[in-house]
Each structure stands twice: as C-alpha cells, then as structure tokens.
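None of the figures in this text is laboratory data; all of them are computed from the coordinates on show. This structure is a prediction, so every number in the text was calculated from the model and none was measured. Don't worry about glycine lacking a Cβ; one is built from the backbone with ideal geometry, like all the others, and counts go over all protein chains shown.
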Amino acid sequence: MSGEPATMIEGLVVHVVADALGVQPQEIVTAPTLFDVPGFDSLTVLTILSRLEAELGAEIPPDAIVPEAFESLPALIALFQGAASWPGGQA
C-alpha cells in the first residue's frame with residue numbers, strides 16, 4: 001500500500017490502527033508488517049478489532065480472528081472488507 005487510502009474502510013483501518021498505537025498513519029502504511037510497529041501486540045489487536053467493529057457496524061466471526069488477519073495492513077483491510085458478506089455484517 002502506498003499513498004492515500006483508496007476506500008473508506010482502508011482509511012478507517014489506517015486511522016484506527018495509528019490511533020491505537022499512537023503513531024502517524026504513514027508509519028502504519030509503510031511498515032513491512034503490523035507486528036513491526038512498536039506497541040502492536042495482542043491487547044492492541046483487541047482494541048483495534050473492537051473499534052473497527054463498532055465503527056463499521058460489523059461483527060467479525062470468531063473463526064476469522066486469526067493471527068494472519070492482523071499481520072499486515074492489507075490483510076486487516078481485507079478482513080473488514082469481507083465483513084459485509086458474513087451473517088450480520090454491514091461493512
């Protein structure tokens with residue numbers, strides 16, 4: 001990913017992750033993986049998941065909450081872009 005977020009979901013994910021970690025959005029966008037950003041840990045994952053579910057009005061199914069979904073920015077964006085296709089999803 002480079003430049004400006006292409007969709008509303010991308011922009012929201014970048015903003016929420018950056019805010020949760022207390023870093024500039026560009027640091028999130030340019031990190032090789034989210035795990036390379038200082039402070040990104042299991043508690044941060046729960047914070048990010050909760051905030052994005054609330055913002056998007058979507059609930060991610062428990063079986064979709066796997067480490068790979070939080071490994072990179074594109075993976076996290078894809079997780080929430082797919083939320084609309086799950087039962088109860090509205091993203």
Inset, instruction - Please order PHE80, PHE35, PHE40 by the number of other Cβ within 10 Å, starting at the fewest. - result: PHE35, PHE40, PHE80
Inset, instruction - Let me know the whole percent of all Cα-Cα pairs from segment 1-77 that are separated by more than 18 Å. - result: 31 percent
Inset, instruction - Express the relative contact order of segment 1-72 as a whole percentage, based on alpha carbon pairs under 8 Å and six or more residues apart in sequence. - result: 29 percent
Legend entry - Neighbour-count ranking [beta-carbon atoms within 10 angstrom, fewest first] of SER72, SER50, SER42: SER42, SER50, SER72
Inset, instruction - Enumerate the calculated ³J(HN,Hα) couplings along segment 41-53 in order (Karplus 6.51 cos²θ - 1.76 cosθ + 1.60, θ = phi - 60°), each rounded to whole Hz, writing x wherever the residue is Gly or Pro. - result: 9, 4, 5, 5, 4, 5, 4, 5, 4, 4, 5, 5, 4
